Amino acid sequence: MDINLTLIGQTIAMIVFVWFCMKFIWPPLIRAIDDRQRQIADGIAAGERGQQELAEARNGAEQVLQEARQKAVQVVDIAHRRSNELIGEAKQVAVAEGERLVTAARAEAGNETLRARDGLRRELAALVVAGTGRLLGREVDAKTHAALLDELATELGRQAPGNG
Amino acid sequence: MAEAGHSAGSYVAHHLQNLTVCRADGQWVWNHCAGNFQALNVDSMFFSILLGLVFLTLFRRVAVRATTGVPGRLQTAVEVIVGFVNQSVRETFHGKSELIAPLALTLFVWVFLMNMMDLIPVDWLPGAAGLIGVPYLKVVPTTDVNVTFGMSISVFILIVFYSIKVKGLGGFTRELTLQPFNHWLAIPFNLILEGVSLLAKPVSLSLRLFGNLYAGELIFILIGLLGLWQLPLHFLWAVFHLLIVTLQAFIFMMLTIVYLSLAHEGH
């Protein structure tokens with residue numbers, strides 16, 4: 001319990017230890033800690049920046065995708081419309097063609113009828129002339145009575161329209 | 001260890017006796033140095049310096065290999081301590097000083113290590129020393145009032161040094177003489193008041209540490225007298241003492257920082 005030179009010894013030891021710590025221990029340790037803190041802070045900042053960029057890129061991708069989707073819808077729409085138009089046109093063309101064919105057929109049929117009727121009329125006229133000749137006992141001159149025959153044929157044709 | 005009666009007293013006294021060497025009558029004398037200022041407590045100095053070197057070696061090794069990358073376990077442990085001390089210093093001391101943080105670190109770890117010697121069972125090291133012919137051995141340096149005073153006096157010198165450095169000799173004198181009553185008639189009164197409060201700092205700093213550790217050590221020694229009962233009691237007291245050991249080291253460091261920060265800032 002006596003106060004003695006140990007006091008001085010301890011003081012000297014402490015001064016030396018503190019000096020050593022101040023020169024050789026504290027600076028490298030605190031520098032390492034500070035550097036690491038800075039590195040970690042930088043790393044966290046970089047991570048946040050990366051995340052932000054990722055989010056932005058995602059947004060951009062989403063936008064591009066949406067545009068593409070819209071465009072696809074438009075394209076499909078246009079294609080639908082165009083195909084409808086084509087089908088319509090084709091229908092019109094087909095209908096017109098059909099009508100034309102029908103008309104042509106009808107006209108042909110009409111002509112044919114007329115021709116047949118004409119033929120029949122002539123034959124009938126000839127028969128009538130022949131019959132009349134026989135009745136009169138002499139030959140009816142076709143040439144002199146041509147006008148009469150023609151009139152007769154016309155009369156027959158008028159009396160029996162549509163009977164073939 | 002103990003037999004009975006007065007042998008218990010001598011057991012305790014033996015444990016509280018420093019191994020001392022002194023110069024008397026032109027000769028080196030061991031352990032008969034009572035009242036002689038020119039004596040050295042060899043055991044206190046030995047363990048104090050040994051533990052200081054343990055601290056310096058360990059931390060120096062880590063400091064040399066310190067990497068800013070992923071630290072190893074030892075480096076992490078050291079950095080936890082350094083970071084803790086650094087934070088304590090920054091929270092309390094707002095000036096700029098190259099000295100205070102390393103001083104605080106040294107004091108904290110060193111005092112902590114010296115206090116930790118208290119947890120070694122009280123008979124081991126003195127018993128081993130007895131076997132090789134060393135009669136006395138006190139293994140806890142902080143139970144030696146010389147050691148704690150040695151440290152607090154250094155702190156006191158720093159307080160005075162920084163007070164004068166920061167405020168100038170005039171400022172420091174004014175602080176001692178014109179506070180708390182700013183009148184020339186009150187100068188002697190102020191001087192006594194401020195002088196006592198200034199001197200109380202190193203005294204309380206060292207006596208707090210010494211008292212706590214001395215009492216703890218004494219209780220360990222008393223528990224050591226109890227025969228088989230000492231085992232659970234020693235364990236209990238060691239657990240409790242672990243708290244004191246850490247707390248006292250922390251308080252010593254913290255008060256040093258506070259005193260030095262007061263010296264820098266003034267009232």
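The values are calculated or read from the model by the stated rules, or taken from the named source; none is laboratory data. Since the structure is predicted, the reported quantities are computational estimates derived from the model, not experimental observations. Cβ placement follows ideal geometry from the backbone for every residue including glycine, while neighbour counts extend to all protein chains displayed. Heads up: the accessible areas ignore ligands, DNA and RNA and are worked out on the full protein's heavy atoms, side chains in. Shrake-Rupley method; radii C 1.70, N 1.55, O 1.52, S 1.80 Å.
Identify all residues within the stretch B:129-145 that are outside any loop (DSSP other than H, G, I, E, B) and over 25 Å from the mean Cα position of the chain (by Cα); write none if there are none. It would help to see each step written out before you state the result.
To start, the set of residues in the stretch B:129-145 that are outside any loop (DSSP other than H, G, I, E, B) comprises B:129-131, B:141-143, B:145.
Within the stretch B:129-145, B:Gly130, B:Leu131 meet the criteria.
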Scan the stretch B:203-237 residue by residue and report those that are surrounded by 17 or more Cβ atoms within 10 Å (Cβ to Cβ) and either touching a strand residue (DSSP E or B) at 6+ places or on another chain (Cβ under 7 Å) or small (Gly, Ala, Ser) (or both). B:Ser206, B:Gly216, B:Gly224
Scanning the stretch B:124-165 residue by residue, the ones that are of a type in the set (Gly, Ala, Ser) and crowded, with 18+ Cβ neighbours inside 10 Å total 4
For B:Asp25: the one exception among (1) modelled with pLDDT of 90 or more; (2) away from every other protein chain (no Cβ under 12 Å): (1)
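Looking at the structure I just gave you, is B:Val78 at the interface with another protein chain (Cβ under 8 Å from one of its Cβ atoms), open to solvent by 40 Å² or more (accessible area, probe 1.4 Å), at pLDDT 90 or above and assigned to a helix (DSSP H, G or I)? If you could, list the steps in order and put the result at the bottom.
On the way: at the interface with another protein chain (Cβ under 8 Å from one of its Cβ atoms): yes; open to solvent by 40 Å² or more (accessible area, probe 1.4 Å): no; at pLDDT 90 or above: yes; assigned to a helix (DSSP H, G or I): yes.
So B:Val78 fails the test.
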Just to be sure I understand, how many residues within the stretch B:36-63 are more than 7 Å from chain A (Cβ to nearest Cβ), open to solvent by 60 Å² or more (accessible area, probe 1.4 Å) and either touching a Ser or Thr at 6+ places or on another chain (Cβ under 7 Å) or not polar (S, T, N, Q) (or both)? 6
Just checking, how many residues over the stretch A:134-145 are loosely packed, with under 11 Cβ neighbours inside 10 Å and either modelled with pLDDT of 75 or more or under 60 Å from the mean Cα position of the chain (by Cα) (or both)? 2
Considering only residues that are exposed (fewer than 14 other Cβ atoms within 10 Å of the Cβ) and either in contact (Cβ under 8 Å) with a residue 12 or more places away in the chain or closer than 20 Å to B:Ser97 by Cα (or both), which ones fall in the stretch B:166-184? B:Gly168, B:Leu169, B:Gly171, B:Pro180
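Assess whether B:Glu91 counts as being open to solvent by 10 Å² or more (accessible area, probe 1.4 Å), over 18 Å from the mean Cα position of the chain (by Cα) and within 17 Å of A:Ile25 (Cα to Cα). Outline the logic, then answer.
Details: open to solvent by 10 Å² or more (accessible area, probe 1.4 Å): yes; over 18 Å from the mean Cα position of the chain (by Cα): yes; within 17 Å of A:Ile25 (Cα to Cα): no.
Considered against the rule, which asks whether it is open to solvent by 10 Å² or more (accessible area, probe 1.4 Å), over 18 Å from the mean Cα position of the chain (by Cα) and within 17 Å of A:Ile25 (Cα to Cα), B:Glu91 comes out as no.
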Would you be able to tell me the number of residues in the stretch B:95-121 that are open to solvent by less than 10 Å² (accessible area, probe 1.4 Å) and outside any helix (DSSP H, G or I)? 0
Among all residue pairs at least 6 apart or on different chains, which show Cβ distances below 6 Å where the first residue, located in the stretch B:135-160, is more than 8 Å from chain A (Cβ to nearest Cβ) and the second is of a type in the set (D, E, K, R)? B:Leu137/B:Asp43; B:Lys138/B:Asp43; B:Val140/B:Asp118; B:Val140/B:Glu217; B:Thr143/B:Glu217
Which one of the conditions (1) under 30 Å from A:Phe24 (Cα atoms); (2) hydroxyl-bearing (Ser, Thr, Tyr); (3) open to solvent by less than 60 Å² (accessible area, probe 1.4 Å); (4) in a helix (DSSP H, G or I) does B:Ser7 fail to meet, given that it meets all the rest? (1)
